[in-house]
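Below: one structure, written as structure tokens.
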């Protein structure tokens, strides 16, 4: 299991843009793109969660525990981001 990260304040979108302009070297830009990609992937996971959750409720009613846990994890991550 990966080692836990220490607490930190998330980087804002404006801070990422500033880093992109201020440090034009490929390593920094690659890291900024990785952060942006990660945020886009989280948004897509959230969208797919909503579709899956609605399909489950329409077919079976109620909540699927694993989907509920995924929702809680996604909510915590969204709330953490600026």
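Only one of 2, 24, 6, 10 is outside any helix (DSSP H, G or I) and under 15 Å from residue 77 (Cβ atoms); which? Let's see the steps before the verdict.
Values: 2 fails: under 15 Å from residue 77 (Cβ atoms); 24 fails: under 15 Å from residue 77 (Cβ atoms); 6 fails: under 15 Å from residue 77 (Cβ atoms).
From the options 2, 24, 6, 10, the qualifying one is 10.
Going through the stretch 27-64 one residue at a time, which ones are in a helix (DSSP H, G or I), over 19 Å from residue 11 (Cβ atoms) and free of Cβ contacts under 8 Å to residues at least 12 places away in the same chain? Working first, answer last.
First, pick out the residues of the stretch 27-64 that are in a helix (DSSP H, G or I): 27-60.
Now restrict to residues that are over 19 Å from residue 11 (Cβ atoms): 44-60.
Selection gives 44, 47, 48, 50, 51, 54, 55, 56, 57, 58, 59, 60.
In the stretch 65-82, what residues are in a helix (DSSP H, G or I) and either touching a strand residue (DSSP E or B) at 6+ places or on another chain (Cβ under 8 Å) or in contact (Cβ under 8 Å) with a residue 12 or more places away in the chain (or both)? Walk me through it before giving the result.
From the stretch 65-82, those in a helix (DSSP H, G or I) are 65-80; that's our starting set.
Result: 67, 70, 71, 74, 77, 78, 80.
In this structure, does residue 43 turn out to be in contact with a helix residue (DSSP H, G or I) (Cβ under 6 Å, 6 or more places away or on another chain) and surrounded by 10 or more Cβ atoms within 10 Å (Cβ to Cβ)?
Values: in contact with a helix residue (DSSP H, G or I) (Cβ under 6 Å, 6 or more places away or on another chain): no; surrounded by 10 or more Cβ atoms within 10 Å (Cβ to Cβ): yes.
It is false that residue 43 is in contact with a helix residue (DSSP H, G or I) (Cβ under 6 Å, 6 or more places away or on another chain) and surrounded by 10 or more Cβ atoms within 10 Å (Cβ to Cβ).
The numbers here are math on the coordinates, done by the rules we state, and not lab data. Given the structure is predicted, the values throughout are model-derived calculations rather than measurements. In this analysis, Cβ positions are derived from the backbone assuming ideal geometry, glycine residues included, and neighbour counts consider all displayed protein chains.
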